[in-house]
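Notes follow the structure.
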Amino acid sequence: MIIIKKDTFYITTPIYYPSAAAHIGHAFCTIAADVLARWNRLLGKEVFFLVGTDEHGQKIQQAANDLKKTPQEFLDEIVQKYKELWKLLNISHDDFIRTTEKRHETAVAKFIKKIFETGDIYKGNYEGLYCVPCETFFTELQAPEKKCPDCNRHIKAVKEEAYFFKLSKYQKPLLDFYEKNPEFLSPKNKRKEIINRVKEGLKDLCITRATVSWGIPFPEDKKHTIYVWVDALQNYITALDYPDGEKFKKFWPADIHLVGKEINWFHSVIWPALLLSGGINLPKKVYAHGWWTVEGEKMSKSKGNVIDPVKVVSDFGVDQLRYFLLREVKFGSDGDYSESRLKETINNDLANGLGNLVNRSIVMTEKYFDGKVPAIKINKAISEKAIKTVSSVTSHLEQLEFQETLLEIWNLITECNQYINKEKPWENESKREEVIYTLLESLRFISTLTYPFIPETSEKIFSQLGIGPQKISDLKTFGLLKEGTKVKKGEVLFHKIPQCHRCGKLYIKESLSKNICFQCGIDSKPGEVKFGKFNN
């Protein structure tokens, strides 16, 4: 059964496999989870937001051996980079779980022992195919050419003594659960795929390895280690101090597991079956997002097109990346990373849209009202639009519709900019108080609604408006910004990307020399490119 909680919210990302540095796909999923965590805090809920790393298995062992390091030495270096990246991206997680931590290993042993006692684990022999990079077992039918159906690498035959979990026993219970809880498998286009695979039949799952030493010892037979995926999935409860911790009692079951579509099977089938066996309530939702390509091509080290989020932040800024990733793609679908699209989005949506609105509103307040919020006079159309936007945003975020959420907010921003152009408060003194107050109060709404997406920018807007952080409950009424509140112009929120007036190409600062556009070629003259100052 699923327990619906009202005052708490528990969200997880997958715990990433730290065999290499994080890329844009890792950043995308984690930023999306951060948006939901921040949003639910704005709703007044007590939130627990979990991230972490999956650190056992043959692949880690081999990677460490190749570098002549111990697995723990290898992991400690890479995991630190993950932690630094989440800090750079302004991720507001409440815990970072590592599967090599004692708290995790102890709780996993308790969980496996509990399942063993139910009779759902038995000893046998495994003979089949195993992909080390994916840490996944396959049948001959799934990989007839001995190539991994996920990564297309060659996979090897494995034959060894092993312990098995009676996954086949849970085929009907899982199908019954899916039917009674249609939101569990999300988005909808992933639901049918999982259900059809389960209907085809479930085979018992090999859950130990006798030939892999880098793992958690199987509690009933220390010659075996627990299969990395069975170990890893349990992080979602071990981080809550399963089985007796107060956090486990308060936050479990999880509201959302955010995962990439390549690991949906593990989270939507194997994980709930293990939980059913252990007598533990199932999560409310598993949501599988899509993959990112780069300029239309699959990311790969061999192509040299893996996007490093640290480099993107260095070139363009944190909030710029956060906004772009969730604005560019419909969540649940595949997306394509394009630097030219990123630049266009920064210039059009952030600099010309939000940044321009904030700057115009504050400058006019300083010019006409000595930097103080004027008398409370409200434009009805704008106020109704703002209230409606709050409702729309709430509805969209409940469905994890990030792109649609941002479109709603930017529609309000566009309407406010058009409102300035229409009313011309610099000419129309009789409407000036109404226009300026309406704009400033709209920014209170806008900065609160954008906070989950671009928190650093929203905090700067709060500061310019002379107010503190807001909650969604503060947006029930349009007109709460107090008359006389001192506003203060701050730094430019978003600097535009330099652009060549001749060919329209957008540049980052390091790609230019003497202001000459390389797109136009050697005939370009100095000064062809209009420079902007970067907000790093």
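Since every read-out is calculated from the coordinates, none of them should be taken as a lab result. The model shown is predicted, which means the values in this text are computed figures rather than measured ones. Glycine gets a Cβ as well: all are built from the backbone with ideal geometry, and neighbour counts include every protein chain shown.
Calculated mean residue ellipticity at 222 nm for the chain: -12500 deg cm²/dmol, from DSSP H runs with n ≥ 4 weighted as -39500 (n - 2.57), summed, divided by the residue count and rounded to 500. With R₀ set to 22 Å, the beta-carbon distance separating His154 from Glu127 gives a calculated FRET efficiency near 0.80.
When DSSP beta bridges are limited to those with both residues in the chain, what percentage is antiparallel, rounded to the nearest 5? Provide the component values of the computation, followed by the final result.
Values: 26 of 48 bridges.
Restricted to the chain, the bridges split so that about 55 percent are antiparallel.
Where a ≥ b ≥ c are the square roots of the eigenvalues of the C-alpha gyration tensor, would you call the stretch 8-289 rounded, which needs a/c under 1.5, or, failing that, prolate if a/b is larger than b/c, or oblate? Taking the square roots of the gyration eigenvalues as a ≥ b ≥ c, the stretch 8-289 is rounded.
Model label sites at Arg197 and Asn411, defined 7 Å from Cα along the beta-carbon direction, differ in position by 3.6 nm. Only the Cβ atoms of Lys and Arg (+1) and of Asp and Glu (-1) were treated as charged; on that basis the dipole of the chain about its Cα centre amounts to roughly 520 debye. On the basis of the beta-carbon distance and an R0 of 22 Å, Ser391 and Ser92 show a calculated FRET efficiency of 0.35. This model, with +1 at the C-beta of Lys and Arg and -1 at the C-beta of Asp and Glu, gives the stretch 180-283 a dipole about its Cα centre of some 420 debye. Stretching Thr139 away from Val306 to a fully extended chain increases their span by 57.1 nm, per 0.36 nm per residue minus the current alpha-carbon distance. Of all the C-alpha pairs in the stretch 5-63, what % are more than 17 Å from each other? More than 17 Å apart: 48 percent of the Cα pairs in the stretch 5-63. When the charge dipole of the chain is built from unit charges on Cβ atoms (+1 for Lys and Arg, -1 for Asp and Glu) and taken about the Cα centre, the candidate among Ile207, Gly290, His267 whose Cα reaches farthest toward its positive end is Gly290. Using the Cβ-Cβ distance between Glu73 and Glu427 with R0 = 56 Å, the FRET efficiency computed as 1/(1 + (r/R0)^6) comes to roughly 0.25. Ignoring lysines fewer than eight residues from Lys113 along the same chain, the ones with Cα atoms less than 16 angstrom from its Cα are Lys123, Lys166, Lys222, Lys223. Let me check I've understood the local charge: for Tyr227, count other residues with C-beta under 11 angstrom from its C-beta, Lys and Arg +1, Asp and Glu -1. What total comes out? Neighbour charge sum, excluding Tyr227 itself: -1.
Taking +1 at the Cβ of each Lys and Arg and -1 at the Cβ of each Asp and Glu, which of Gln399, Ile420, Ser458 sits farthest along the dipole of the stretch 339-475 towards its positive end, judged by Cα position relative to the Cα centre? The residue sitting farthest along the positive end of the dipole is Ile420. Here the spin labels are modelled as points 7 Å beyond Cα on the Cα-Cβ line, and at Ser338 and Lys188 they lie 2.8 nm apart.
In a DSSP loop and with at most 14 other Cβ atoms within 10 Å, the GluC sites (Glu not before Pro) in the stretch 185-237 are Glu200. With contacts taken as Cα pairs under 8 Å and at least 6 residues apart, the stretch 8-289 reaches a relative contact order of 22 percent.
In whole percents, the pair-distance distribution calculated for the chain from its alpha-carbon pairs, binned every 10 Å from zero, is 3, 16, 25, 23, 16, 10, 5, 1, 0. Annotation: for a label point projected 7 angstrom from Cα along Cα→Cβ of Leu480, residues of the stretch 19-44 with backbone N closer than 17 Å are 39-44. The listed peptides 55-64, 462-471, ordered by packing as a protection proxy, come out as 55-64, 462-471 (highest mean of other Cβ atoms within 10 Å first). In summary, the aspartates and glutamates within cross-link reach of Lys284, defined as a Cα separation below 16 angstrom excluding same-chain residues under 8 places away, comprise Asp7, Asp176, Glu179, Glu183, Asp255, Glu398. Name the residue farthest towards the positive end of the dipole of the chain from the options Ala351, Leu129, Ile15, assuming +1 on Cβ of Lys and Arg, -1 on Cβ of Asp and Glu, about the Cα centre. Toward the positive end, the furthest listed residue is Ala351. Phi angles across the stretch 203-218 convert, under the Karplus curve 6.51 cos²θ - 1.76 cosθ + 1.60 with θ = phi - 60°, into 3J(HN,Hα) values of 9, 4, 9, 5, 10, 9, 10, 8, 10, 10, 8, 7, x, 7, x, 5 Hz, Gly and Pro given as x. For the stretch 8-289, the Cβ-based charge dipole about the Cα centre amounts to some 480 debye (Lys, Arg positive; Asp, Glu negative; other atoms uncharged).
Of all lysines in the structure, those lying under 21 Å Cα to Cα from Lys311, and not within fewer than 8 positions of it along the same chain, are Lys81, Lys83, Lys87, Lys298, Lys301, Lys303, Lys343, Lys496, Lys505, Lys509, Lys533.
List the trypsin sites (Lys or Arg not before Pro) in the stretch 195-245 that DSSP assigns to loop (not H, G, I, E or B) and whose Cβ has at most 10 other Cβ atoms within 10 Å. Which are they?
Answer by residue number: Lys222, Lys223.
If the segment from Ser314 to Thr106 were pulled out straight at 0.36 nm per residue, it would be longer than the present Cα-Cα gap by 70.9 nm.
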